[in-house]
Amino acid sequence: MKRFIHLTAIVVAALVLHIYGPAEGAEPVTSSVQIPLSRAVFVPLSDGSTDAVALSGMVHVLTHFAPDGPPLQPSLRIHINLDQVSGADGTYWIKRVPQPIIMVRDQGDATIQPFEPYMLLSAARASGALVPSIKYVLLPNPKGPNPGGHPFADNQETLVNTIIGWLQELKL
């Protein structure tokens, strides 16, 4: 049986926060819960079929219960937010890119794990991959892992020079 994002399960989790509505005249109640994602889900495609997508991250469910609705029908709003969710399986897609690729990573990047570029390199170089060439460049960052590493905050000039050099190598 295929797994779909279980909206029902998320709604039930949200309703558990409000097993019984507040008494009349009570103040509105807002609650939240975070549910970890760590499995494949099936998403609908435009042709009507489904495809597995591995998701990781957190689902943040925020509920707001206001007892001031119509009698016996208090309002319940549920907001579902995905927080730091990754659904792109790069190893699946990278081998289907029929163009030269450069991967540049700042050594101070605290978002991308150090092993991830090597997984992408392996997939791009695998038998049957369409990638004609791939180059991986790790830019040193004397600050070590830091929040500015992922957007190349400390290495913008080096990043630009690296990409320009690669384009010149390819005579583009």
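The values are calculated or read from the model by the stated rules, or taken from the named source; none is laboratory data. Everything numeric in this text was worked out from a predicted model, so none of it was measured. For neighbour counting, all protein chains shown are included, and Cβ atoms are generated from backbone atoms with ideal geometry for every residue, glycine included.
Tabulated data
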quantity: Every residue from the range 128-147 that is of a type in the set (G, A, S) and at pLDDT 90 or above; calculated: S133, G144
quantity: All positions within the range 114-128 that are touching a helix residue (DSSP H, G or I) at 6+ places or on another chain (Cβ under 7 Å) and of a type in the set (G, A, S); calculated: A123, A124
quantity: Near pairs, Cβ below 6 angstrom, 6+ apart or cross-chain, from the range 123-145 (within 22 Å of W166 (Cβ to Cβ)) to any residue that is exposed (fewer than 14 other Cβ atoms within 10 Å of the Cβ); calculated: L130/R96; L130/P98
quantity: The range 102-136: number of residues that are farther than 17 Å from G90 by Cβ and outside any loop (DSSP other than H, G, I, E, B); calculated: 1
quantity: Residue selected from the range 150-172 under the condition part of a loop (DSSP other than H, G, I, E, B) and closer than 15 Å to M103 by Cβ, by the criterion nearest to the chain's Cα centre (by Cα); calculated: H150
